[in-house]
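The values are calculated or read from the model by the stated rules, or taken from the named source; none is laboratory data. Everything quoted here is computed from the prediction, not taken from an experiment. We place every Cβ from the backbone using ideal geometry, glycine too, and count neighbours over all the protein chains shown. All accessible areas refer to the heavy atoms of the entire protein, side chains included, with ligands and DNA or RNA removed. Shrake-Rupley method; radii C 1.70, N 1.55, O 1.52, S 1.80 Å.
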Amino acid sequence: MEMIEEAARKIINMEVRGAAKIARFAAESLLKFAQKIDDDFDVKIKEAADMLLNTRPTAVSLYNAINYVMQYSGRTVEEKREDLIKRALEFINWVDSARREIGKIGVRRIKQSATILTHCNSSAALSIIKEAHEAGKDIEVFATESRPRYQGHITVRELKSEGIPVTLIVDSAVRYFMREMDYVIVGADAITVNGALINKIGTSQIALCANEFKVPFMVAAETYKFSPKTLAGETVVIEERSPREVAPEDLLSAGIRVRNPAFDITPRRYIDLIITEIGAIPPEMAYLVIKERFGFRLPTEEEIIVSPEHYD
Ligand code: RUB
């Protein structure tokens, strides 16, 4: 279990972050752990799954990854292990192929010469941008810092290393630059049944601003980011992280109250298109994606409950 505790720690402290990477890492961790179980397979793997599930509450990808891998079957420990490993590998392949597919579909929406604004660090959004660059399009990117964790720094390094011209801006400069943008492309932590997007805090302000300037707002989201729990009436839990990520110790010890939500909700009316690996769809189609991907079966009570709070 030490190995799973270590994996959970890496997700909590954001050494592994971003919805796709978290989901892939969880599937990989369960696979490695399963290889080591000698007896009581069901009990031990369930304990590991629960521990991973309780790391970050907003990323529906984590929940979908774990549910996918945990639907293994078999009579003996060997059979169960084999099936779980097969399922984990299938999920990992889903993550990798979906990202590539999103790039190929998304690139068709990008004109020959374009300036694109992105927020945070999304592997799916960057897949479209990189694909456009590789296709010989004249692409320039503006990336927000994405306070308080500065994932924008990861984005600018990543794009620079691909030879894509990129400019870093503070989050509050979005409206100042919006008139120069041709598209906004962001990733997703979750898509709800009513087509709303849950993504890095600040995304909804950017969407409002894009709407004001009539700049198309596109979301790159693999289908495993769509939330079957919302079909059952659940809302997506918004993770609130430690005040220490935002304010220095002297402010905190002076009793200043800090709120630090990590994600926000963008209603579907501000979203032009969601680019998934099964096609570019309007947000109104979210229900159909959930139905196609996860079936009609509503999640059971046990599958729904995750303990939401996670402070450091
Ligand atoms: C990451 C974030 C990303 C989505 C999508 O937040 O909001 O936009 O997870 O990323 P955090 P990807 O850094 O807090 O995990 O497309 O790579 O799944």
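Things worth noting here:
- Residues in the range 106-122 that are surrounded by 24 or more Cβ atoms within 10 Å (Cβ to Cβ) and not β-branched (Val, Ile, Thr): Gly106, Leu117, His119, Cys120, Asn121, Ser122.
- Checking Glu158, Glu180, Glu162 one by one, the residue that is farther than 30 Å from Phe294 by Cβ and within 15 Å of the ligand (Cβ to nearest atom) is Glu158 and no other.
- Complete set of residues in the range 73-85 that are in a helix (DSSP H, G or I) and free of Cβ contacts under 8 Å to residues at least 12 places away in the same chain: Glu78, Glu79, Glu82, Asp83
- Residue match in the range 190-199 (condition: out of contact with any helix residue (DSSP H, G or I) (no Cβ under 9 Å at 6 or more places or on another chain), surrounded by fewer than 20 Cβ atoms within 10 Å (Cβ to Cβ) and not hydrophobic (A, V, I, L, M, F, W, C)): no
- Filtering the range 196-234 to residues that are over 15 Å from the mean Cα position of the chain (by Cα) and of a type in the set (A, V, I, L, M, F, W, C) leaves Ile206, Ala207, Leu208, Cys209, Ala210, Phe213, Val215, Phe217, Leu231, Ala232.
- Being in contact (Cβ under 8 Å) with a residue 12 or more places away in the chain and over 30 Å from Gly233 (Cβ atoms) holds for only one residue in Val170, Val186, and it is Val170.
- Only a single item in (1) part of a strand (DSSP E or B); (2) within 15 Å of the ligand (Cβ to nearest atom); (3) within 19 Å of Tyr270 (Cβ to Cβ) is not met by Ala143, and it is number (3).
- Among the conditions (1) open to solvent by less than 10 Å² (accessible area, probe 1.4 Å); (2) away from the ligand (no atom under 12 Å from the Cβ); (3) in a helix (DSSP H, G or I), the only one that Gly103 does not satisfy is (2).
- Every condition in (1) under 25 Å from Tyr68 (Cβ atoms); (2) assigned to a strand (DSSP E or B) is met by Ala88 except one, and the failing one is (2).
- Residue within the range 30-38 that is under 20 Å from the mean Cα position of the chain (by Cα) and not assigned by TED's automatic domain parsing to the domain that holds Ser127 present: yes
- Residue check for Arg17: outside the structural domain of Val186 (by TED's automatic domain parsing), out of contact with any helix residue (DSSP H, G or I) (no Cβ under 7 Å at 6 or more places or on another chain) and open to solvent by 10 Å² or more (accessible area, probe 1.4 Å): yes
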